[in-house]
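Let me begin by presenting the structure, written as structure tokens, before commenting on it.
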Amino acid sequence: MSRPSSAPSASESLTGVVERILFLNEENHYTIAEFRPEKARGSESSRPAPVTLVGPLPGVQCGETLHVTGEWTRHAQHGDQFRVASFRSELPASVYGIRKFLGSGLVPGIGKVYAEKIVDAFGTETLRVLSEESARLRSVAGIGPKRAVAIKEAWDSQRAFRELYVFLQTYGVTPSQCVKVIKAFGNSARNVLSHEPYRIAREIDGIGFKTADRIAINLGFANDAAPRLDAGIMFALETLESEGHTAYGESDLRDYAAALLETVPDRIGTRIEHLVGARDLVRHERPSLVDDASPPLPGSGLIQLPVTHRFEQRIASAIDRLARSASALPPIRIEAALEWAQGRAGFAFAEQQAVAVRRALQQKVSVLTGGPGTGKTTIVRTLVDILRAKKARITLAAPTGRAAQRLAETTGGFASTIHRLLKFDPASGSFLVNDDHPLATDFLVVDEASMLDVRLAAALFQAVPTSAHLLLVGDTDQLPSVGAGNVLKDLIGSERAHVTRLDVIYRQKNQSSIVSTAHAINTGDASPPPVVREVASIPPWSDLTFIAADSPEETVAKVLTLCRSYLPETFSWLQPISDVQVLAPMHKGVAGVASLNQQLQATLNPQTQAVRWGGVEYRVGDKVIQLRNNYDKGVFNGDIGVVRAIDTTAGSLAIDFDGEVHDYARPDLSDLGLGYAISIHKSQGSEYPVVIIPLLKGHFMMLQRNLLYTGITRGRKRVYIVGEPAAYSMAVRNSEAKARITHLRQKLEAAKS
């Protein structure tokens, strides 16, 4: 019953029997099966030829009758396949089907031999006997009491899994999520879902409040039921954390959660009080003004999730511990060391740079901040040279692989990502390097410190030995961390660290327009860089050019022209996929990340063989980005990789991240996206030889000074802004970046007192 190869792909339904399981991925139940359809109406053949089914088929076994819906596809190597979108199954009714079903290894303890014996004994009644009269199994030769019980338990487990899968599919739960629920709760999964559906949002990674809420509402949970309101409040705080906040005003949280849950604020206020009393939330009273002795108003405090409160507390405690302890550095005559370092560098340091070196060597906790070209690299390289000469142990780290690589190149030392430095252990879900097993170092330098969120900063600072120095290097004018918190700014504001601010530009030998424009942006100069109308008019010597475009469509067309022809034809050293990074302010829209990725992929990597997942095609040679931390693989949010190989049958990819190749099975693909174009937020901590930034007035929701500044400073050799000059001016004038609400500064100040 194979369709002709030339037939168009269309939704179709088939009914038949599963003859053989050719492949099964236990994690997501992606299956390749040999399937024999029922005789087609009007067919002369009494036994139609088998076809190949591909897709998620949880719990399906040989011998089952399936009703499948999907579409025909053609595999280059394996021919016609039927890709399953949905299915329902029936237990086999014929003796042949039952024999094949039980003999497939479905039930531990029943192989082909025992399947034959059981079916010979009970015939078409076999499956009813297993379900309702399992004691009769003992009448079969070779099956004693223990084996009969084991067979019954295994049979019930399989049936429970199938029933749960059908139940969950009703509410839009994916096959991989079904597997997670069953792994987490086992045979009690149905009971948990029926009585405590919000537990799955709390306890299972990848299943959120909305899925749990959909199940609960369909099961009859009231809109204002306490479990729903409690789960919704926690979800509201988690959502706010995804926007960068680590705490939120109680009255604002009450209104936010009430709108989210479609209930009245007073009910939310009551549940917040209950959650605080149960220690499921943490409340902090807002500090009063110095001349205000009145007590705080009800609901005027800050609310935090306990885990986030602990992260901030650990940061404050670690900073206090380091600041109060003595240094383990060997004696250093700082002025002599500075003179020696200047001789090695071949130039005299400016006073700001010398001050920064002195502070880092004298103070246990210090911060070095400044924009591009202000000498941060010179200072760090000088510190590395001095400490090496004194045989002190120095450790260099950064939040991302690219930032660590750049730190190593500029200092001549070894640098690693923070995650690798702390040695994450997937088995325990924690870092092996911690306060009990600290880093073996005398001096820790952390570059791109503006990227530190509270979770990572807490783990890192705890792991710094008490006698060591900590130097944080970063640019506070960049976007804050992708994760929750504003660690660098909070630390600076608390005055718990000795801060050196660099504001003089030194990197001007080649009159870098990238550097001068970045500093102009920070001073509020809204004049765009030199504007040309056509790509062909770009001055080849200019490192920063604005290419005008009047519409999103024209903007995209010029971005594609840059990548496809202008750049590779102008610069012989340039590889369009690896050396060029498009950075977009927004994800949606014609000139958004998603649309640009599709068009850049089609332009730069037009291959036909692909693995498709979630509406995205992945091809050999594609640039991809990791969208969330994967501690098992050691690949983290924002890492850029290249697809080296694909397996279209299994739907898997082999991806190279900074020289390490990782296999990505289908469940892992939900953590990936194409990486030809990424958001400016995701580019933090990285530099690219060439950066292209589409910039339109339609991006007004995201047009902020620090966003534009961050995007431009990602370019190392060339930056091209494509779009409307008026959008540039809008971004520069909008210096009111959305404030992040945190409680870290208060904790740092409290630890000081």
- Task: Could you pull out the residue among 470, 479, 460 that is at pLDDT below 95, open to solvent by less than 10 Å² (accessible area, probe 1.4 Å) and of a type outside the set (Asp, Glu)?
- Result: 479
- Checked the range 365-379 for anything open to solvent by 10 Å² or more (accessible area, probe 1.4 Å) and either among the acidic types (Asp, Glu) or in a helix (DSSP H, G or I) (or both); matches are 376, 377, 378
- Please work out which one of (1) open to solvent by less than 30 Å² (accessible area, probe 1.4 Å); (2) over 24 Å from the mean Cα position of the chain (by Cα) is the condition residue 251 fails and give its number. (1)
- Residue list for the range 335-349, restricted to those being surrounded by 11 or more Cβ atoms within 10 Å (Cβ to Cβ) and aromatic (Phe, Trp, Tyr): 340, 349
- Message: Could you check the range 689-717 and list, in sequence order, the residues that are in contact with a Ser or Thr (Cβ under 6 Å, 6 or more places away or on another chain) and open to solvent by 20 Å² or more (accessible area, probe 1.4 Å)?
- Response: 705
- Query: List pairs: first in the range 130-145 and without any contact (Cβ under 8 Å) to a residue 40 or more places away in the chain and in a loop (DSSP other than H, G, I, E, B), second open to solvent by 30 Å² or more (accessible area, probe 1.4 Å) and among the aliphatic types (A, V, I, L, M), Cβ under 8 Å, 6+ apart or cross-chain?
  - Reply: 140/121
- If you go through 666, 612, the only one that is open to solvent by 30 Å² or more (accessible area, probe 1.4 Å) and of a type outside the set (Gly, Ala, Ser) is 612
- If you go through the range 426-458, how many residues are touching a residue at least 40 places away in the same chain (Cβ under 8 Å) and outside any loop (DSSP other than H, G, I, E, B)? 12
- within 33 Å of the chain's Cα centre (by Cα), closer than 12 Å to residue 674 by Cβ and acidic (Asp, Glu), is that true of residue 579? no
- Item | Residues satisfying the stated conditions in the range 653-669, i.e. of a type outside the set (D, E, K, R) and part of a strand (DSSP E or B) | 653, 654, 655, 657, 661, 662, 664
- Could you check, for the range 718-731, whether at least one of its residues is in a strand (DSSP E or B) and open to solvent by 10 Å² or more (accessible area, probe 1.4 Å)? yes
- Note on the structure: When (1) among the basic types (Lys, Arg); (2) assigned to a loop (DSSP other than H, G, I, E, B); (3) under 30 Å from residue 279 (Cβ atoms) are applied to residue 314, the one that fails is (2)
- Item | Single residue of the range 391-442 satisfying the filter (exposed (fewer than 15 other Cβ atoms within 10 Å of the Cβ) and touching an Asp or Glu at 6+ places or on another chain (Cβ under 9 Å)) that is farthest from residue 329 (Cα to Cα) | 426
- Query: Give me the pairs: first residue in the range 536-550 and within 12 Å of residue 570 (Cα to Cα), second residue crowded, with 17+ Cβ neighbours inside 10 Å and of a type in the set (Phe, Trp, Tyr), beta-carbon distance under 8 Å, and six or more apart or on different chains, which are they?
  - Reply: 536/566; 538/566; 538/720
- Query: Is it true that residue 308 is modelled with pLDDT of 90 or more, touching an Asp or Glu at 6+ places or on another chain (Cβ under 7 Å), open to solvent by less than 90 Å² (accessible area, probe 1.4 Å) and of a type outside the set (Gly, Ala, Ser)?
  - Reply: yes
- Item | Lone qualifier among 537, 494 - being of a type in the set (Ser, Thr, Tyr), modelled with pLDDT of 90 or more and open to solvent by less than 20 Å² (accessible area, probe 1.4 Å) | 494
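The values are calculated or read from the model by the stated rules, or taken from the named source; none is laboratory data. Predicted model, so just to flag it, every value in this text is computed and none were measured. As a convention, Cβ positions derive from the backbone with ideal geometry for all residues, glycine included, and neighbour counts pool all protein chains shown. In case anyone asks, the SASA skips ligands and DNA or RNA and just uses the protein heavy atoms, side chains included. Shrake-Rupley method; radii C 1.70, N 1.55, O 1.52, S 1.80 Å.
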